[in-house]
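Quick notes on the structure that follows.
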Amino acid sequence: MPFNNKPDELNPAQKVLLETYAGGDYEGSTEKDIEGVGDTLLLFLFRELATSEDCNSIDEARNRVRIVIGQLDELDSALAKQDFDEKEESDANVASAESAPAPKKKPSGPSM
């Protein structure tokens, strides 16, 4: 069912976002409030669910949320791989340092 909110009103998807995001800390906020919060993820979601961005139904809102979740999952997987690669590289450096021969010591005492 399409949203029928006025252009200056929050649509139902935006209201649900504000009721649930961060435990409902933003419930009752206005668009102006959200613009000034500094939480860029909230602002992104708020804008993505805006009627002005052609989000005109709960089905469309859910589709957009699923797309974002998929993109975040891809990012998470890439970051996990990066973390694994960095750990693997770090472990290799430690193993290399441990297996390297000890530096030769100069003889002590007077030299002739």
remark   = For region 24-43, the count of residues that are closer than 20 Å to Glu9 by Cβ, open to solvent by 90 Å² or more (accessible area, probe 1.4 Å) and out of contact with any Ser or Thr (no Cβ under 9 Å at 6 or more places or on another chain) equals 2
ask   = So is Ile58 open to solvent by 60 Å² or more (accessible area, probe 1.4 Å) and of a type in the set (A, V, I, L, M, F, W, C) or not?
value = yes
task = Go through region 54-80 and give me each residue that's in a loop (DSSP other than H, G, I, E, B) and free of Cβ contacts under 8 Å to residues at least 40 places away in the same chain.
result = Asp54
ask   = Hey, among Glu19, Glu48, which residue is modelled with pLDDT of 95 or more and open to solvent by less than 90 Å² (accessible area, probe 1.4 Å)?
value = Glu48
message = Can you tell me how many residues within region 1-16 are open to solvent by 70 Å² or more (accessible area, probe 1.4 Å) and either of a type in the set (S, T, N, Q) or modelled with pLDDT under 95 (or both)?
response = 7
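For region 1-53, how many residues are among the charged types (D, E, K, R), in a helix (DSSP H, G or I) and more than 15 Å from Val65 (Cβ to Cβ)?
4
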task = Any chance you could count how many residues in region 78-97 are modelled with pLDDT of 75 or more and of a type in the set (Gly, Ala, Ser)?
result = 2
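The values are calculated or read from the model by the stated rules, or taken from the named source; none is laboratory data. Given the structure is predicted, the values throughout are model-derived calculations rather than measurements. Here Cβ is always computed from backbone atoms with ideal geometry, including for glycine, and neighbour counts include all displayed protein chains. The area values use the complete protein model at the heavy-atom level, side chains included, leaving out ligands, DNA and RNA. Shrake-Rupley method; radii C 1.70, N 1.55, O 1.52, S 1.80 Å.
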